[in-house]
1. Of all the residues that make up the stretch 12-39, how many are open to solvent by 20 Å² or more (accessible area, probe 1.4 Å) and within 20 Å of N304 (Cβ to Cβ)?
2. Do the conditions hold for S125, that is, is it within 16 Å of ligand 2 (Cβ to nearest atom), among the polar types (S, T, N, Q), at pLDDT 95 or above and not assigned by TED's automatic domain parsing to the domain that holds M229?
3. So which of G333, G288 ends up being surrounded by fewer than 16 Cβ atoms within 10 Å (Cβ to Cβ), under 25 Å from I66 (Cβ atoms) and within 16 Å of ligand 1 (Cβ to nearest atom)?
4. Could you please find all residues in the stretch 60-85 being touching a Lys or Arg at 6+ places or on another chain (Cβ under 8 Å) and in a helix (DSSP H, G or I)?
5. Pairs please, first residue from the stretch 140-158 and over 18 Å from R93 (Cβ atoms), second anywhere and in a helix (DSSP H, G or I), Cβ atoms under 9 Å, 6+ apart in sequence or on different chains.
6. Inside the stretch 100-217, counting only strands (runs of 3 or more DSSP E) that do not spill past its ends, which hold 3 or more residues that are in contact with a His (Cβ under 8 Å, 6 or more places away or on another chain)?
7. Report, ordered by the first and then the second residue, all pairs with beta carbons closer than 8 Å, sequence separation of six or more or different chains, a first member in the stretch 296-310 that is under 8 Å from G273 (Cα atoms), and a second member that is of a type in the set (G, A, S) and in a loop (DSSP other than H, G, I, E, B).
8. Taking the condition of being within 11 Å of ligand 1 (Cβ to nearest atom) and under 22 Å from the mean Cα position of the chain (by Cα), how many residues in the stretch 110-135 meet it?
Amino acid sequence: MHVLVLGAGQLARMMSLAGAPLNIEISAFDVGSENIVHPLTQTVIGNGLANAIEQADIITAEFEHIPHDVLEVCEQSGKFLPSAEAIKTGGDRRIEKALLDAAEVKNAKYAVIQTRADFDAAIESVGIPMVLKSALGGYDGKGQWRLKDIAQADAIWPEMEACIQASETQAIVAEEFVPFDREVSLVGARGKDGSVAVYPLAENVHTNGVLSLSTAIDNLELQQQAQQMFTAVANRLDYVGVLALEFFDVQGQLLVNEIAPRVHNSGHWTQQGAETCQFENHLRAVCGMPLGSTQLIRTTSMINILGEDTLPSEVLAMDGCHVHWYGKEQRTGRKMGHINVSAEYTAELQRKLCALADILDEEAFPAVHEFAQKHC
Ligand code: ATP
Ligand code: MG
């Protein structure tokens, strides 16, 4: 089986690693250069979307910000999963919000802004404090503003207006500020036959808008809420593949923040912590194979490696620690790889995270140090 992945980053790379034992071969399509590349070596093996489609049995995607004309061509080939609609939904906060409402899934109150009059109306209807997010193109907290006080509205409007005017299709979604206790996410797979298998929820810590620490948690009440919302969204999209839902936990009540129609950073822990990892399950789903068990086998945390290209050797030496590099050139703040740390039970995992805080640099791994301050 030959699967083409739109996007040639670390998610395609990890799909390639997970697909090999099943004889699933991955090629990656770099949407910017139109090169077909090997997902592990980045060696160029061809060029052009038509060639890429021709060679593939199945086409899927590792990110949602894909030009719509590319999505349409892929969809017309009859090989594309999950679907152009699902990818567009994940890439446009307006469509995403409409989907969440249609699926009757709780989410933050919102309004769409195109003009200053819309902005004033949103301040009335959504209320302050609010979070303002570009409808298209946002990731890792980029393209966002916070409005805490009405007096700031005039100051931030020029920036918002410039963002809206930068493209014909751009807009801003104003969202009520949610006073959440924590953020969690649910990663799961839906097969071609409509079967659904979800992983345990992960609790996520963000640092400067970027995911830094993600830990599988065991909470039956939240898990049931999340699974119900996952199934509602996945069924509504007639989804095939791995899908992620990000939530705010507000005193035990989950609200969906956003969806990602793909394998997700908060699911990387499944490589060591679950019976079948998210990358394998995505491939199983899109290739029409039975889904693999999503059962937790060892309690696991995932630590993102941001902007660093080396680690002290004590990390690899530690029992239960696995390092996954993405083979990328170093840049400040860039996701360069991740560490999965596993244990047989929660207290042991906490001890390992405490030991990692002693080894890892505080500036590069603030979330691990914050964890240590609270728990060690
Ligand atoms: P990513 O791609 O990393 O998931 P993103 O750029 O798509 O991020 P969001 O997930 O929507 O953006 O927002 C980034 C972070 O900002 C959230 O994880 C959360 O911490 C905070 N945030 C977003 N929306 C709200 C809100 N309505 N109320 C409070 N905090 C929010
Ligand atoms: Mg997010």
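The values are calculated or read from the model by the stated rules, or taken from the named source; none is laboratory data. Worth saying up front: this structure is predicted, and the values here are computed from it rather than measured. Neighbour counts are summed over all protein chains in view; Cβ atoms, including those assigned to glycine, are modelled from backbone coordinates with ideal geometry. Accessible surface areas use protein heavy atoms only, side chains included; no ligands, DNA or RNA. Shrake-Rupley method; radii C 1.70, N 1.55, O 1.52, S 1.80 Å.
1. Residues meeting the conditions: 2.
2. Spelling it out, it is not the case that S125 is within 16 Å of ligand 2 (Cβ to nearest atom), among the polar types (S, T, N, Q), at pLDDT 95 or above and not assigned by TED's automatic domain parsing to the domain that holds M229.
3. Selected residue: G333, the only one of G333, G288 that is surrounded by fewer than 16 Cβ atoms within 10 Å (Cβ to Cβ), under 25 Å from I66 (Cβ atoms) and within 16 Å of ligand 1 (Cβ to nearest atom).
4. Once the filter is applied, which keeps residues that are touching a Lys or Arg at 6+ places or on another chain (Cβ under 8 Å) and in a helix (DSSP H, G or I), the stretch 60-85 yields H68, L71.
5. I150/I123; A153/F119; A153/D120; A153/I123; W157/R116; W157/F119
6. Details: elements: 110-113, 130-134, 144-147, 172-176, 182-190, 196-198, 202-207, 210-216.
In the stretch 100-217, the matching strands (runs of 3 or more DSSP E) lie at 182-190.
7. Qualifying pairs under 8 Å: R298/G320.
8. Residues meeting the conditions: 5.
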